[in-house]
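> The following block contains the structure, expressed as structure tokens.
The values are calculated or read from the model by the stated rules, or taken from the named source; none is laboratory data. No experiment lies behind these values; they were computed from the predicted model shown. Note that we place each Cβ from the backbone using ideal geometry, even for glycine, and neighbour counts take in every protein chain shown. The accessibility values were calculated without ligands, DNA or RNA, using every heavy atom of the protein model including side chains. Shrake-Rupley method; radii C 1.70, N 1.55, O 1.52, S 1.80 Å.
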Amino acid sequence: MNSPSAWVCDKCSDEVTVEKGLVAARRDSHGLFQDWRIVHNGQCAPAENAGYTFSVELERMVGQDGLSHLLSFLSAGPLQSPDPASPSPSEEIGNFDAYVDIFRRLQTPFYEKARRRFEDPEVQEQFHEANAAYTYEVANLESIAKGLN
């Protein structure tokens, strides 16, 4: 299964490709990551003075290495020595649902296209009784995404 290869820019709504994209997040007043975005690198990149102090090229956040990068926000892993004085990486995520959304956008095939239809009444009706895992299975996301054609 391939990783996604194109996204919708969260600033201008044009298509973003791996080579021209950036993933950004801002830290809130408590130092927690918030407002995850996929944008064009350069013209659409959010300003650091708005708190967007984290940014990384989109190509580093997709595929197997991207999966590793995204997981490092949840856990340092068994090869890292935990520092009892430091918070665990997951404690730095302010809105966990927003983090999972950016994770799915970057890693799950058809999620980016399907998410544009999540509020459609027919999609809501189809999945209103489904469990959280079933809703985001690739075959279901592909079905939702193809409804856009």
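> Find the accessible area per residue for region 1-139; the probe is 1.4 Å, ligands and nucleic acids are left out, and the unit is Å². Each step should come with its number before you reach the end.
Numbers: 8530 Å² over 139 residues.
It amounts to 61 Å² per residue over region 1-139.
> Can you run phi through the Karplus equation (6.51, -1.76, 1.60; θ = phi - 60°) for region 28-39 and list ³J(HN,Hα) in whole Hz, with x for Gly and Pro?
Whole-Hz 3J(HN,Hα) from phi for region 28-39: 7, 5, 9, x, 8, 6, 9, 6, 5, 9, 10, 9.
> Under a Cβ-Cβ cut-off of 15 Å, what is the net charge of the residues other than residue 125 that fall near it, where Lys and Arg count +1 and Asp and Glu count -1?
Details: positive: 117; negative: 119, 120, 122, 129.
Net charge in that neighbourhood comes out at -3.
> Calculated from DSSP H runs of 4 or more alone, at -39500 (n - 2.57) each and per residue, what is the 222 nm mean residue ellipticity of the chain, nearest 500?
Values: 6 runs with 45 residues, N = 149.
Taken over the chain, the calculation gives -8000 deg cm²/dmol.
> Find the relative contact order for the chain and round it to a whole percent, using C-alpha pairs within less than 8 Å whose residues are 6+ positions apart. Let's see the in-between values first.
Details: 206 pairs, mean separation 32.7, N = 149.
It rounds to 22 percent for the chain.
> In the chain, carbon and sulfur make up what percent of the accessible area (probe 1.4 Å)?
Numbers: 4230 of 9060 Å².
Solvent-exposed carbon and sulfur of the chain make up 47 percent of the total.
> Obtain the nm distance between the two label points defined at residue 43 and residue 12 by a simple spin-label model: each point lies 7 Å from its Cα along the Cα-to-C-beta direction.
If labels sit at residue 43 and residue 12, their model points lie 0.3 nm apart.
> Taking H placed 1.01 Å from N in the peptide plane, check which residues at least 5 places from residue 16 or on another chain put their amide H under 5 Å from its amide H.
Under 5 Å from the amide H of residue 16 lie the amide H atoms of 7, 8, 9, each far enough along the sequence or on another chain.
> Karplus couplings for region 103-118 from phi (6.51 cos²θ - 1.76 cosθ + 1.60, θ = phi - 60°), rounded to Hz, Gly and Pro as x?
4, 5, 4, 7, 10, 9, x, 6, 4, 4, 6, 5, 4, 5, 10, 4
> If you don't mind, another one. Using Rg and Dmax of the Cα atoms in Å as the read-out, say which of [x] 18.9, 63; [y] 16.3, 52; [z] 14.9, 46 was calculated from these coordinates.
[y]
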